[in-house]
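These notes are about the structure you will find just below.
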Amino acid sequence: MTTNNKELIVKKIENGTVIDHIPADKVFSVVRILGLDNVCDEILIGTNLESKKYGKKGIVKATNKFFAKEEIDKLSIIAPTATLITIKNYEVTDKRKMEIPNEIQKIVRCINPNCITNVEEMDTTFSVVEKHPLTIQCHYCEKTMTDIKIKE
Ligand code: CTP
Ligand code: ZN
């Protein structure tokens, strides 16, 4: 960390991923859902930071972590405003906004307790009916939901 009398600036990372513009109330869900509460590499977490665009935002810097599609899909569901920034050798090599997929596989649980995916503990499939607010429909029981439960 670099510091002067008025500022404490979180240091840059050498290699890894920065997740910026996370809704302030979703920072710790992001950390948990991406399993970052359980790694040995350095993780920097900021929440309730000032943001011109979003009021308050959160940021997570995960050293030596590069996320797979399934993890990025989870992130797009809990933090659709997030920006995913790839850092290699201190340089930004990729910066992308979240994209909600048209179909969501495996990562979400159906809220219908009688759905076959809950009874038989099967993989789930949902189609995205609406992106804002995110509304999805279960492929098996056809239940539509906006209260989305991510499998951890
Ligand atoms: N970052 C980092 N380590 C690096 C490079 C960048 O932690 N080696 C972080 C920066 O702190 C910033 C984010 O990655 O939070 C994006 O970096 P950059 O594009 O350089 O910053 P800005 O131009 O401020 O980005 P934006 O305008 O999108 O906020
Ligand atoms: Zn269902």
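Each reported figure results from applying straightforward, stated rules to the coordinates on display, with no laboratory input. Computed from a predicted model, the values in this text were never measured in an experiment. Because the Cβ atoms are built from the backbone with ideal geometry, glycine has one as well, and the counts that use them run over all protein chains shown.
Restricting attention to region 68-152, the count of lysine pairs at 8 or more positions apart or across chains with alpha carbons under 19 Å apart stands at 22.
Could you give the C-alpha radius of gyration of region 44-83 expressed as a fraction of 2.2 N^0.38 Å, taking N as the number of residues it contains? Provide the component values of the computation, followed by the final result.
Working: Rg = 11.4 Å, N = 40, 2.2 N^0.38 = 8.9 Å.
Cα Rg divided by the expected 2.2 N^0.38 Å: 1.28.
Computed extension gain for E50 through H139, at 0.36 nm per residue and net of the alpha carbon distance, reaches 28.0 nm. Length gained on full extension, N64 to V128: 19.8 nm, using 0.36 nm per residue less the C-alpha separation.
Computed on the chain, the Cα convex hull volume stands at 119 Å³ per residue. Among 42-51, 85-94, sorting by the average number of other beta carbon atoms lying within 10 angstrom of each residue, highest first, gives 42-51, 85-94.
So, R0 is 41 Å and r is the distance between the beta-carbons of E71 and K6; what FRET efficiency does that work out to, to 0.05? Could the numbers behind the result be given before it?
Numbers: r = 36 Å, r/R0 = 0.89.
Approximately 0.65, to the nearest 0.05.
Taking a point 7 Å from the Cα of T146 along the Cα-to-Cβ direction, none of the residues of region 90-108 has its backbone N closer than 14 Å to it.
Diffusion coefficient of region 13-53 by Stokes-Einstein, Kirkwood radius over Cα pairs, 4 °C, 1.567 mPa s: 114 µm²/s.
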